[in-house]
Amino acid sequence: MCGGFTCSKNALIALNVLYIIVAFILIGVAVYGRAASLVTNLPIVGGILACGIILILISALGLLGAVKHHQVMLFFYMVILFLLFLIQFSVACACLGVNIAQQEQLAEQGWSRVGNNTRMEVQEVFTCCGFDDTIDKSIPHPSCENIYMRCCPNPNDKDCVCRPCMKKLQDTINYAFKLCGWIGLFFSLTEIAGLVLTRRYRNLTDPDEKLATAIFPRHNFTY
């Protein structure tokens, strides 16, 4: 029967294997997001990375508890999985709720805090010069001499200019936010299914234990 002990056990094991795959996807997305937000060093993206790592550890606990039908392990698995759901759902909603203006503000603050080595790295990666025309001119940025040679390989083209880095970063940062948000939101909802399945499985009785009890009944001896 699908709702029986064996089916619930196998479903819970399969779900935790899926969680491990999901965790690696979240880690990969977070790594991409951190690479895309080279300047901003966004804590939200770090939250997605932390959720992926924690999900791997929780999945290992869930697998062990499912195989052994260990009541204590399954209980702590449910508690931790629920807390992870709250964190992951909140982080995903935060990623989806950040608009373009807020992304630009975070990027500008990040550009102001980082050193010239990081700014130079950003300029070389995205082939841009400076951050934005509207940023405080007192904030220095590295020389763009090498960047100009890549932006404008034709020295006779007097109208050629290097675009500011914000123009190049905007699409990448926005895509990273939306990708982290939607993936985190979708997989956080699957954790609700894990909670329901674990609760059901935890309350079921192992048929092997029932059979062993029937064959070898336990006697209470009174002295």
ask   = Pick from region 176-223 the residues that are aromatic (Phe, Trp, Tyr) and at pLDDT below 80: which of them is nearest to SER59 (Cα to Cα)?
value = PHE187
message = I'd like to check which helices (runs of 4 or more DSSP H) are fully inside region 47-137 and have at least 3 residues that are β-branched (Val, Ile, Thr).
response = 71-97, 116-126
task = Name the one entry in VAL22, VAL31 that is under 15 Å from GLY194 (Cα atoms), among the β-branched types (Val, Ile, Thr) and at pLDDT below 80.
result = VAL22
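The values are calculated or read from the model by the stated rules, or taken from the named source; none is laboratory data. What you see is a predicted model; the values in this text were computed from it and never measured.
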